[in-house]
Amino acid sequence: MGSFAYVAPKSVAEVTGLLSEIAGSGSRAQIMAGGTDVLVQLKTVDRSARTLVDIKGLPETARLEIGESETYIGAAIPSAVLNENADLTALFPGLTEAADLIGSTQIQGRASIGGNLCNSSPAGDSIPALIANGAVCVIAGTGGERVLPVEDFVTGVGRNALADDEFLLGLKIPNPGPRTGDAYLRFIPRTEMDIAVAGCGVRLDLDEQGICTAARVGIGAVAPTALLVPKAAEALIGTAVDDAALAAAADACSEAASPISDKRGTVAFRRKIIGVLMKRAGAIARDRAAARS
Amino acid sequence: MSKVHVTTRVNGDPVEFLCTPEQTLVDVLRDTLDRTGTKEGCSTGDCGACSVLLNGRLVCACLVLAVESEGAEVTTIEGIATEEGLHPIQEKFLEHAALQCGICTPGFIVATKALLDKHPEPDEETIRYWLAGNLCRCTGYDKIIRAVQDAATTLAHEA
């Protein structure tokens, strides 16, 4: 493994102070939560020296709070903990299923959706599901806290909007309304333990007649970053989310995609499959919304 | 690099050790504490050979820094059997010949313990998904699944 120092601060101010001190000295800090990406990178692709700043011990990164209108998920909470919370999985089945797709039981004992987001891979499964759910990042820095929509957080492959003195505290997600449903689906060539070839998250609201009044669609692994697809949402709003509307939303996703060809899939395949995932995830979100009331 | 002093518990015993920040929990378990039952396979969290329980939660010890075990409760394969004898999960792995070379076995048994503590009567699909992070290149898995099913039945009768 690469050479590093390790610190586990106990307060937000201590973390931001350390981050700015390390950046000021010209050396490198790396935030760590569950470490399932960070430690693998340190063992393989990037062994350069740094200080690991473990943020698991902060109350703000470990807090899970289901409020009246929104839910706060601390950035360091392992996905296994999220999926054991029946209230959370009932509110956000699509998001928690996305978290449940990342890695094995062992990985999920440590890995967090905050870490998945900060790792900023194009294929991170939780990111399209967070985007679909309208999640907002709560970011701490030396100047205080700021918020940023998840779709604006990831800026490139492995890059994000965090400044040198900043780290992710948690995610705020608006709670579903009386007829809201979400879903996330990904395609992988096997049934488990793989990285998304394409992934699609959908959240939508229905009115009492079953007409879609609001929608958000996030797509992943088909562009340098996960994307919000407003045109796919527009194709659903005002419809009963029937086959024609789902097909139009699927076309919007295929159009928004700018994928690469690699060993997991070609450009043409990814463009096609992202549409198929949109249709299927959209239908699940619709049925969940209808079943909720 | 200066060493860090860590106080933890391994299989119920208070343990203290010195480690560098770079040492993983599996490094310290095997090389410092002589608990060599935990095996290291891939070192990148893919194979599950190093599975241990950290505060009751199943994790890969190769992706836990030893310093992170400060104040924690660690359970390894050495903590599964009791003074009375092997744990029923271990008995069933032997009975069903659910192992050949044995490198993956401690990880499978620890992972199975975590599974059956949480889901005492898992169906086959639940077992296969739960154990998807434990790789075995000898058995083809079927014997392992049978052993886990039989252990679940045995433990349910004992309860």
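Within region A:101-115, residues that are in the same structural domain as A:A135 (by TED's automatic domain parsing) sit with their Cβ atoms under 6 Å from residues that are assigned to a helix (DSSP H, G or I) and buried (at least 24 other Cβ atoms within 10 Å of the Cβ), at 6+ positions apart or across chains, in these pairs: A:S104/B:G133; A:T105/B:G133; A:Q106/B:G133; A:Q108/A:S79; A:A111/A:S79; A:I113/A:A99; A:I113/A:S126. Here the condition is being surrounded by 13 or more Cβ atoms within 10 Å (Cβ to Cβ), farther than 19 Å from A:G74 by Cβ, more than 14 Å from chain B (Cβ to nearest Cβ) and among the acidic types (D, E); of A:E14, A:E21, it holds for A:E21 alone. Looking only at residues in region B:85-119 that are part of a loop (DSSP other than H, G, I, E, B) and under 16 Å from B:N11 (Cα atoms), the one that is nearest to the other protein chains (Cβ to nearest Cβ) is B:H87. If the condition is being crowded, with 24+ Cβ neighbours inside 10 Å and in a strand (DSSP E or B), then region A:195-211 contributes A:A198, A:G199, A:C200, A:G201, A:V202, A:R203, A:L204, A:L206.
The lone criterion from (1) surrounded by fewer than 24 Cβ atoms within 10 Å (Cβ to Cβ); (2) of a type in the set (D, E); (3) at pLDDT 95 or above left unmet by A:E192 is number (3). Look at B:R9 and say whether it is away from every other protein chain (no Cβ under 14 Å), touching a residue at least 12 places away in the same chain (Cβ under 8 Å) and surrounded by fewer than 20 Cβ atoms within 10 Å (Cβ to Cβ). Spelling it out, B:R9 is indeed away from every other protein chain (no Cβ under 14 Å), touching a residue at least 12 places away in the same chain (Cβ under 8 Å) and surrounded by fewer than 20 Cβ atoms within 10 Å (Cβ to Cβ).
Scanning for something hydrophobic (A, V, I, L, M, F, W, C), without any contact (Cβ under 8 Å) to a residue 60 or more places away in the chain and within 18 Å of A:C137 (Cβ to Cβ), does region A:60-69 turn up at least one residue?
Yes, because at least one residue in region A:60-69 is hydrophobic (A, V, I, L, M, F, W, C), without any contact (Cβ under 8 Å) to a residue 60 or more places away in the chain and within 18 Å of A:C137 (Cβ to Cβ).
Criterion applied to B:L94, B:L135, B:L86 was being out of contact with any helix residue (DSSP H, G or I) (no Cβ under 8 Å at 6 or more places or on another chain) and free of Cβ contacts under 8 Å to residues at least 12 places away in the same chain, and the one residue passing it is B:L94. Being touching a residue at least 60 places away in the same chain (Cβ under 8 Å) and more than 22 Å from A:R63 (Cβ to Cβ) is true of A:V157.
Regarding region A:106-116, can at least one residue be identified that is more than 21 Å from A:A249 (Cα to Cα) and surrounded by fewer than 20 Cβ atoms within 10 Å (Cβ to Cβ)? No, region A:106-116 contains no residue that is more than 21 Å from A:A249 (Cα to Cα) and surrounded by fewer than 20 Cβ atoms within 10 Å (Cβ to Cβ). Residues in region B:46-67 that are facing chain A (nearest Cβ under 7 Å), assigned to a helix (DSSP H, G or I) and under 15 Å from B:V10 (Cα atoms): B:V67 alone. Counting only helices (runs of 4 or more DSSP H) that fall entirely inside region A:1-71 and contain at least 1 residues that are hydroxyl-bearing (S, T, Y), the qualifying elements are A:12-24, A:59-62.
The values are calculated or read from the model by the stated rules, or taken from the named source; none is laboratory data. All of these numbers come straight from a predicted model, not from anything done at the bench. Neighbour counts run over all protein chains shown; Cβ positions are idealised from the backbone, glycine included.
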